[in-house]
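A quick write-up on the structure given underneath.
The values are calculated or read from the model by the stated rules, or taken from the named source; none is laboratory data. Being a predicted model, the structure only gives us computed values, none of them experimental. Heads up, the Cβs are rebuilt from the backbone with ideal geometry, glycines too, and the neighbour counts pull from every protein chain shown. To get the accessible areas, we keep the full protein, side chains included, count just its heavy atoms, and leave off ligands, DNA and RNA. Shrake-Rupley method; radii C 1.70, N 1.55, O 1.52, S 1.80 Å.
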Amino acid sequence: MSQASKKPATLKDIALLAKCSTAAVSTVLNNSKSTTIVSDAVKQRVMEIATELNYRPNYASRSLKSHRSRTIGLYIQNGPWHNLSNFYEMSIFRGVEKAIGDFGYDLLLINVNSNIMPEKCAAKLLENRIDGVVILHADPDSAAWIDELLAISHNVVAIDYNRRKANLDAMMFDNYAGVEIALRYLAGLGHRRIGFIGHGVDTPHLDVVERETAFRQLTGQLGLDNDDALLCSGDKFATKLSLEQQYCQAEGEYGIRYFHRLPQPPTAILAWNGLSAVSAVLTCAKLNWRVPDEISILGIDNSDYCYFCSPALSVVDHRLEDMGYQGVVTLINRLENNVTETTHRIFAPVIIERESTAPHQYLTSSSKTDYIFQIQ
């Protein structure tokens, strides 16, 4: 009879062969702190027999005793374009999955395409199916369901959630710093007339609103052209876009066509996210507006598609994978160490220079360093 077809080995089986108590076997195999004292010789014998019998822990039994499932849930709030087939969500997911594996937990995907309502999270927590939950796309303005979750358990962490909420652990991105580092980088390349591609929908995402606000404030502070025509947003879009359509791509295309028509176009453009930036690069090709020789383009994002457009997109890294990983670390730390303080961790942006940005034509390499020094 093959090993796979045999009845799974139990603690009692191992104890019988090792000639010790089941308590001693449990202490050894679970690496638990116990009043049971086990000698090194018995430990070695137990481990050898467990290996020989291909012992596997009974997680259902262990969960009943510990009231822990060692499983983390992942939930994506329902909404247009909210699903794991998109690069944004997959970037976060990679970090979540890596941390889950590093710490020996299991991951339960509560939903994949955001059609499942948030009440499912509460049910999983109440049933002890999960020890905690990681949430994506939590909308601060319509997330009363988060309060209901927190009333059940504080083992909840929101990823890329830029509001400070009591009792909710959150991984946050510094949008103001993201725009600042982008403008300083482009100014260091000699660009002073810099455009910004913003939102074209009626209900814009909080990220784009914060980034547009930062752009308005920083252009003047950094000595750049502070021209209202350089912000393509809101009413600058002749036709309002719908959240149901591919609005990010449309924002990028319209933004480039808008700037290309200006009597004095910008020499560099910052797009509010990666999709709009990639769309901007593609639209420039249609207009024979050469990137980066005639126009530099930078996006706030670092999803996979940023590598594959031509030229490859220079970006401000949104740190999504890092946020996913550290969100799980924060949640597991709360679970295993009885942490009660709320964690709001802010992730600083990083410039990744590729091929879509270049020094402005009049700027020499020697003056480039001087200008970066001045604006810092």
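Structural remarks
- Hits in the stretch 250-274 (condition: free of Cβ contacts under 8 Å to residues at least 40 places away in the same chain and part of a helix (DSSP H, G or I)): E253, R257, Y258, H260, R261
- Of the residues making up the stretch 119-130, one or more are touching a residue at least 24 places away in the same chain (Cβ under 8 Å) and on the phi > 0 side of the Ramachandran plot.
- Subset of the stretch 40-68 [open to solvent by less than 60 Å² (accessible area, probe 1.4 Å) and either modelled with pLDDT of 85 or more or small (G, A, S) (or both)]: V42, V46, I49, A50, L53, S61, S63, S66
- Looking only at residues of the stretch 207-223 that are touching a residue at least 12 places away in the same chain (Cβ under 8 Å), open to solvent by less than 50 Å² (accessible area, probe 1.4 Å) and not polar (S, T, N, Q), we find that the one that is farthest from P266 (Cα to Cα) is D207.
- Filtered by the rule that a residue be in contact with a His (Cβ under 7 Å, 6 or more places away or on another chain) and open to solvent by 20 Å² or more (accessible area, probe 1.4 Å), the stretch 224-268 gives a lone residue, T267.
- Some residue of the stretch 313-326 being open to solvent by less than 50 Å² (accessible area, probe 1.4 Å), of a type in the set (S, T, Y) and modelled with pLDDT of 95 or more: yes
- Members of the stretch 286-311 found to be closer than 13 Å to L275 by Cα and either surrounded by fewer than 23 Cβ atoms within 10 Å (Cβ to Cβ) or at pLDDT below 90 (or both), listed by number: D301, N302, S303, D304, Y305, C306, Y307, F308, C309
- For A271, the test of being over 28 Å from the mean Cα position of the chain (by Cα) and either closer than 30 Å to D322 by Cα or open to solvent by 10 Å² or more (accessible area, probe 1.4 Å) (or both) is failed.
- With respect to the conditions (1) open to solvent by less than 70 Å² (accessible area, probe 1.4 Å); (2) under 27 Å from D102 (Cβ atoms); (3) at pLDDT below 90; (4) of a type in the set (S, T, Y), T71 lacks only one, and its number is (3).
- Residue count, the stretch 124-169 (criterion: polar (S, T, N, Q) and either within 14 Å of I110 (Cβ to Cβ) or open to solvent by less than 50 Å² (accessible area, probe 1.4 Å) (or both)): 3
- Of all residues in the stretch 170-184, those satisfying the criterion of being within 21 Å of E321 (Cβ to Cβ) and either open to solvent by 20 Å² or more (accessible area, probe 1.4 Å) or in contact with a Cys (Cβ under 8 Å, 6 or more places away or on another chain) (or both) are D174, A177, I181.
- Residues that are within 27 Å of A358 (Cα to Cα) and open to solvent by less than 10 Å² (accessible area, probe 1.4 Å) within the stretch 185-206 comprise L186, A187, G188, L189, G190, H191, I194, G195, F196, I197, G198, listed in sequence order.
- Residue in the stretch 21-38 that is modelled with pLDDT under 80 and surrounded by 16 or more Cβ atoms within 10 Å (Cβ to Cβ) present: no
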